[in-house]
Amino acid sequence: MREPVTPPLPRPPTVDGPPVGGTELLALLTRLLRRPRRGDRRLPVLWLVRAATGGDPGTLLRRFVGRGAGRRVPHAVLDLAARPDLVDVPAVLRELHRQLSLEAFGAARLRFRHHPLADWLMQQTLDVGVDAADSGRATLVRRLRDWRGRRPVEEPQVSGESGVGTALQVLLWLLRRAVPSAVFRIAVSGRVPGVGGHYRWFMRQQYLAPRQSVTFLGFAERLTAG
């Protein structure tokens, strides 16, 4: 009668080796980085949990995304425990936006064209309550029109050596300020092709659950403070 064979225990991580599960994690990230040329792929959000003696995956991840002398994987590293100034979600997103927008990954600088509007909405405070619903919506519409009429700081500027770029900036600014209320509401509705693409983008995002609202204005209200 033979004694039962005990399977070997997983080897503990070494100082130079990857932590437990590190090899599988790198294989997963390698597959996720192979993005399709056309269209897009739904990407998961990875939540890593480690035991007290399981090694630090942060060092492994930073080494993976930062390797190579040429193009690197765009990434941001943020230790919230060491940043007491980041007290809320908008502040965290602004810091991540700043890090990811740096020209530091061996490629063209990433531009998040829709982040200024999302950040602005999260800083707005409207009246809360059933009686204040209409007044809050009207206030939001007025503020959105005013916000649309000025160029956000993060918006890329049009450059030109002969003054054409400056003239184009002035023309765009005048057009934005001259948008009447009716045209603005058509743009916000997202029902007219070629108009209001900025707002349709938000309504197509799967992670923001915009379909819980009928219109962009309803979704925008949910992003405001409170």
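Values for this structure:
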item: Residue pairs meeting the criteria (Cβ under 7 Å; at least 6 apart or on separate chains; first surrounded by 15 or more Cβ atoms within 10 Å (Cβ to Cβ), in region 186-206; second among the basic types (Lys, Arg)); result: Gly190/Arg200
item: Enumeration of residues in region 1-17 that are at pLDDT below 60 and either closer than 18 Å to Leu61 by Cβ or of a type in the set (D, E, K, R) (or both); result: Arg2, Glu3, Arg11, Pro13, Thr14, Val15, Asp16
item: Filter result (at pLDDT below 80, of a type in the set (Gly, Ala, Ser) and surrounded by fewer than 13 Cβ atoms within 10 Å (Cβ to Cβ)) within region 18-40; result: Gly39
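Yes/no matrix, rows are residues, columns are (1) at pLDDT 75 or above; (2) over 25 Å from Phe216 (Cα atoms); (3) not hydroxyl-bearing (Ser, Thr, Tyr):
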{"site": "Glu95", "(1), (2), (3)": "yes, yes, yes"}
{"site": "Ser101", "(1), (2), (3)": "yes, yes, no"}
{"site": "Asp119", "(1), (2), (3)": "yes, no, yes"}
{"site": "Leu140", "(1), (2), (3)": "yes, no, yes"}
{"site": "Gln157", "(1), (2), (3)": "no, yes, yes"}
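The values are calculated or read from the model by the stated rules, or taken from the named source; none is laboratory data. The model shown is predicted, which means the values in this text are computed figures rather than measured ones. All Cβ positions, even for glycine, are placed from backbone atoms using ideal geometry, and neighbour counts span all protein chains on display.
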